[in-house]
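Just so it is clear, none of the values below were taken in a lab; they were calculated from the coordinates. The shown structure was predicted, so the numbers you read here are calculated from the model rather than taken from an experiment. In this analysis, Cβ positions are derived from the backbone assuming ideal geometry, glycine residues included, and neighbour counts consider all displayed protein chains.
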Amino acid sequence: MMRYPLMGLLASLLIVLSTPAPAATDAAEDAARWDLLHDMYFKDRPVEEAGGRIRIDAPARAHDAALVPVRVEVEPSLRLKTLSLLVDKNPVPLAATFHFGPASGGGGIETRIRVNEYTNVRAVGETQDGRLLMTEAYVKAAGGCSAPAVKDPQEAMARLGRIKVKLPETPVAGVPATAQVMISHPNSSGLQFDQVSRTYIPAHYVRSIVVRSGGRTVLEAETDISIAEDPNLRFSFVPVEGGTLEVVAHDTKGATFAQTVPLAAGAGKDEPAL
């Protein structure tokens with residue numbers, strides 16, 4: 001009399017065992033998505049695991065999905081030509097590509113990104129000989145691309161394009177130093193909803209940033225909507241005796257913003273806040 005219930009139980013068990021576990025399904029979906037992004041941004045070029053030569057530091061669970069801090073560290077002996085930062089599941093996955101110039105002090109970068117849903121965040125570095133090295137971190141966050149801006153729209157437009165540069169207290173010519181560039185800009189993603197007009201706010205964001213030290217290129221950044229409001233970059237550069245650090249940014253409406261600060265002790269630290 002127990003035969004048929006037992007057979008039903010075994011059949012149910014077989015179904016459960018043959019169904020992919022959520023983790024396995026997620027891993028397969030992540031791999032498929034990366035295959036698509038690989039083809040989209042790097043074509044048929046092989047991408048190797050960085051194996052510690054490039055490291056990415058991002059919060060496992062972000063406090064604010066619209067302002068997720070990301071730091072990419074690069075082994076000192078590894079000179080990168082470019083560094084691409086991707087957020088796999090964002091509407092525009094390629095957040096930024098950084099091209100490093102002769103005045104760069106190293107291929108590391110810090111910035112803040114938007115994260116739209118649980119996703120891998122990847123850093124892909126291109127070496128001087130053309131190899132591509134990748135590292136990744138998994139970030140739990142949601143809604144970052146459609147989250148309302150922190151600043152009041154009128155305040156944001158009043159400060160539009162204001163650039164603040166932070167330099168070390170005593171930069172030494174020829175010795176790599178760290179600088180921080182902050183640009184006041186709403187970086188509207190086009191996915192944010194205006195509760196007053198009941199319409200979507202048009203996309204309006206910084207699309208490029210160029211930094212030079214004494215006229216020599218430190219980095220050139222191509223950026224998109226996955227970079228957070230008020231773009232913020234921290235990087236290494238090589239100071240020039242008696243030189244300056246120059247920053248030029250362009251946005252999608254054709255506006256150009258620029259700032260030049262002298263490479264003197266404490267320069268830039270007392271500028272007004274953004």
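Normalising by residue count, the chain has a Cα convex hull of 169 Å³ per residue.
For segment 73-154, the set of GluC sites (Glu not before Pro) satisfying both a DSSP loop assignment and a count of at most 16 other C-beta atoms within 10 Å is given as 117. Angle of helix 3-18 to the longest C-alpha principal axis of the chain, folded into 0 to 90 degrees and rounded to 10: 20°. Only helices enter this figure: runs of n ≥ 4 DSSP H residues, each worth -39500 (n - 2.57), summed and divided by the residues of the chain, yield -5000 deg cm²/dmol at 222 nm to the nearest 500. The relative contact order of the chain, computed from alpha carbon pairs under 8 Å that lie at least 6 residues apart in sequence, is 19 percent. Between the helical axis of 22-42 and the longest alpha-carbon principal axis of the chain there is an angle of about 40 degrees. Using a Förster distance of 35 angstrom, determine the FRET efficiency expected from the C-beta separation of residue 216 and residue 40, and round it to 0.05. It comes out at approximately 0.60. Taking 25 Å as the straight-line reach from the Cα of residue 140, the lysines in range (excluding those fewer than 8 positions away in the same chain) are 89, 151.
Arranged from fewest to most other beta-carbon atoms within 10 Å of their beta carbon, 182, 157 become 157, 182.
With Rh defined as the Kirkwood radius, the inverse of the mean 1/r over Cα pairs, the Rg/Rh of segment 140-236 is 1.06. A dipole drawn for segment 146-232 from +1 and -1 charges on Cβ atoms has a positive end, and of 150, 185, 171 the residue lying farthest that way is 171.
Partners of residue 166 within straight-line reach, counting lysines whose Cα lies under 18 Å from its Cα and excluding those fewer than 8 residues away in the same chain: 269. Under a model in which nothing but the beta-carbon of Lys, Arg (+1) and Asp, Glu (-1) is charged, segment 21-262 shows a dipole of about 500 debye around its Cα centre.
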